[in-house]
Amino acid sequence: MDQGLFITLEGIEGAGKSSNIEYIKELLQHHGREIVVTREPGGTELGERIRALLLDTPGVEIPADTETLLMFAARADHLERVVRPALAQGKVVICDRFTDATYAYQGAGRGVGRERVAELENWVQEDFRPQLTLLFDVAANVGLRRAGNRSNPDRFEREDQQFFDAARQAYLNIAAQEPRRVKVINADADPDEVRKQIAEIFQAFFKDS
Ligand code: TMP
């Protein structure tokens, strides 16, 4: 395989995706590929500045449409400067969140709607999509309880359970519509069991591809 591979990790707050990145990296290193780990919003200097605005702007309200556009502004920069060049060099790019998060958080959570997110997705990405997405699925109350232990919650972490219920449901709807791309992990399981699920997903993925 000398083509790039774009893998995204998704899930609501407290689902545990970030704590499994190292393990995922290890699994992929066995395939002898160079790996780039990145995140959204962020991953570039400009994207990280947009991220800082999105996650914490004390005293400034960010309307839902503006929030959505900022997510895609950061994404456009990230795609152009980091993701596409790495894939063109045959690297594996592991991205902590991508456009499914916009469907979940802005489309469903903020009520912007699927169609508007889809318009921006098509504009910014054309037909570019991840080859594989791991969805760390956990009930909103469980995720919030885990995330609640974090000090200094950001603008999203301060949202209520209804917001995360909607986001989780949107994620599950995407997984139901795109079962080949989106693999659901029961993230409520203990850490060993979660890692086992991840390993099985990659085994099946590399067998099929
Ligand atoms: P993180 O803390 O998991 O890195 O993600 C930052 C926050 O940004 C997280 O609460 C989810 C949110 N987010 C969106 O609302 N829409 C998006 O498109 C992305 C990529 C992230």
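The values are calculated or read from the model by the stated rules, or taken from the named source; none is laboratory data. Everything numeric here is computed off the predicted structure, so don't read it as measured data. With ideal geometry, Cβ positions are generated from the backbone for all residues, glycine too; neighbour counts draw on all protein chains shown. Only protein heavy atoms, including side chains, enter the accessible area calculation; ligands, DNA and RNA are left aside. Shrake-Rupley method; radii C 1.70, N 1.55, O 1.52, S 1.80 Å.
Things to note:
- Basic side chains Lys and Arg get +1 at the Cβ, acidic Asp and Glu get -1 at the Cβ, and with that the dipole of the chain about its Cα centre reaches some 300 debye.
- Net lengthening on full extension, R129/A204 (0.36 nm per residue, minus Cα-Cα): 25.0 nm
- Residues of type lysines that K17 reaches as a straight line, Cα spacing below 19 Å, ignoring anything fewer than 8 places off in the same chain: K25, K183, K196
- Counting all C-alpha pairs of the range 128-180, share separated by more than 17 Å (%): 44
- Projecting the Cα atoms of V117, I7, P58 onto the dipole axis of the chain, where Lys and Arg carry +1 and Asp and Glu carry -1 at the beta carbon, places I7 farthest toward the positive end.
- Diagonalising the gyration tensor over the Cα atoms of the range 9-52 and scaling each eigenvalue by 5 before taking the square root yields semi-axes of 23, 16, 6 Å, largest first.
- Environment charge of L53, counting only residues whose C-beta is closer than 13 Å and scoring Lys/Arg +1, Asp/Glu -1: -2
- The chain, Cα convex hull volume normalised per residue, Å³: 117
- Taking 0.36 nm per residue of sequence separation and removing the Cα-Cα distance, the Q3/A64 pair yields an extension gain of 18.3 nm.
- Of the solvent-accessible surface of the range 5-208, computed with a 1.4 Å probe over protein heavy atoms with every protein chain present, carbon and sulfur atoms account for 47 percent.
- Space enclosed by the convex hull of the alpha-carbon atoms of the range 1-82, per residue, Å³: 116
- Net charge of neighbours whose Cβ lies under 12 Å from the Cβ of G107, counting Lys and Arg as +1 and Asp and Glu as -1: -3
- Principal axis dimensions, largest first and in whole angstrom, of the range 88-209 by Cα: 40, 40, 27
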